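Engineer: One structure, pasted below without further comment.
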Amino acid sequence: MKKRSLAFLAFCLLLVVLAITEIVTGDGIKLCDKPATYYRGKCVDQKCSDNCKTFESATRGYCTQGQEKLVCICVYDCAKMNPPPKMIATTPSR
């Protein structure tokens, strides 16, 4: 009985983790977030959101606790985000 309960609990936990990682809005848009590039100063939600919309073309922004202080996080439509730069492999010349 305990093994069955533990397995069920583990399965439920897995479902919750998957649901959190696949955040999708009601419109079917998957959202991604990353730290703001241009925001400086004390993080205030409204200022952070305005900065993300104006300077970083994000949907919105919010403040969250970083390692030492509050940091501004911008929320983007994942489909519209620029992909990360590709690494170019170079071969050493002889």
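Engineer: Could you give the length gained on full extension between Asp77 and Thr37, defined as 0.36 nm per residue of separation minus the Cα-Cα distance, in nm?
Structural biologist: Numbers: separation 40, 0.36 × 40 = 14.40 nm, distance 1.66 nm.
Stretched fully, the Asp77-Thr37 segment lengthens by 12.7 nm.
Engineer: If you don't mind, another one. Modelled label-to-label distance, Ile29 and Thr64, 7 Å Cα→beta-carbon offset: nm?
Structural biologist: Reported label-point gap for Ile29 and Thr64 is 1.9 nm.
Where a number appears in this text, it was derived from the coordinates with a stated rule and is not lab data. Bear in mind that the values here come from a model prediction, so they are computed numbers and not experimental data. For neighbour counting, all protein chains shown are included, and Cβ atoms are generated from backbone atoms with ideal geometry for every residue, glycine included.
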